[in-house]
Amino acid sequence: MSLNLDDVDRKILRELQADGRASFRDISARIGISTPTVSARVQAMLDVGLIKGYSVMLDSELLGQ
């Protein structure tokens with residue numbers, strides 16, 4: 001996959017940025033494509049290094065820091 005992202009790729013990325021824990025099923029329902037398509041496109045973006053990983057954002061105040 002080249003870095004020529006189409007509208008579907010951009011929608012998937014927006015959904016993942018909004019909620020990195022969203023299931024592919026939820027993403028597919030929100031943007032109107034099949035779950036296997038979301039899975040394949042995310043895997044392709046991982047393979048080329050566009051998506052570098054997933055992370056957790058912690059609330060430092062709740063941790064007492």
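Can you run down the residue pairs with Cβ atoms below 6 Å, 6 or more apart or on separate chains, where the first is in region 8-31 and within 24 Å of L58 (Cα to Cα) and the partner is open to solvent by less than 80 Å² (accessible area, probe 1.4 Å) and basic (K, R)?
I12/R41
Of the numbered conditions (1) modelled with pLDDT of 95 or more; (2) surrounded by 14 or more Cβ atoms within 10 Å (Cβ to Cβ), R25 fails exactly one; give the number of that condition.
(2)
For region 36-50, state whether one or more residues are on the phi < 0 side of the Ramachandran plot, within 12 Å of the chain's Cα centre (by Cα) and outside any helix (DSSP H, G or I).
yes
In region 38-65, what residues are open to solvent by less than 50 Å² (accessible area, probe 1.4 Å) and of a type in the set (V, I, T)?
Hits for region 38-65 are V38, V42, I51.
The values are calculated or read from the model by the stated rules, or taken from the named source; none is laboratory data. Model, not experiment: these values are computed from the prediction. Cβ: placed from backbone, ideal geometry, glycine included. Neighbour counts: every protein chain shown. Note: areas computed on protein heavy atoms with side chains; ligands, DNA, RNA excluded. Shrake-Rupley method; radii C 1.70, N 1.55, O 1.52, S 1.80 Å.
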